[in-house]
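Notes for the one structure printed next.
The values are calculated or read from the model by the stated rules, or taken from the named source; none is laboratory data. This is a predicted model, so every value here is computed, not measured. We place every Cβ from the backbone using ideal geometry, glycine too, and count neighbours over all the protein chains shown.
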Amino acid sequence: MRACDVGVTSGSLVCVHLADRYSTRGSLVARLFFVAGALGTATAPSVSVMVVMRALLVSAVGGASALAPMFVS
């Protein structure tokens, strides 16, 4: 299993749990992950920080893919 798959799966599980518990405010977590990951990747002082921020972005993609049907229906 690739690291990307693990990140997407964990991000979707976390965001779905938060969306179930806090309604649409749970989707705010995915948006914050996107912003923090993008800013962190753009301003990373080292490769290790950039890898962590990219993992945060992958989690945000998983959360967004799990929460998008909630807004469509």
Among residues of region 24-53 being among the small types (Gly, Ala, Ser), assigned to a helix (DSSP H, G or I) and over 14 Å from the mean Cα position of the chain (by Cα), the residue farthest from VAL72 (Cα to Cα) is SER48
Tell me which residues, restricted to region 21-66, are closer than 16 Å to SER10 by Cβ and modelled with pLDDT under 80. GLY26, VAL29, ALA30
Does any residue in region 46-73 that is without any contact (Cβ under 8 Å) to a residue 40 or more places away in the chain and within 23 Å of VAL16 (Cβ to Cβ) come within less than 7 Å, Cβ to Cβ, of a residue that is in a helix (DSSP H, G or I) and β-branched (Val, Ile, Thr) six or more places away or on a different chain, and which pairs are these? MET53/THR41; ARG54/THR41; LEU57/THR41
Yes or no: region 42-51 includes at least one residue that is under 23 Å from ASP5 (Cβ atoms), buried (at least 18 other Cβ atoms within 10 Å of the Cβ) and not β-branched (Val, Ile, Thr). no
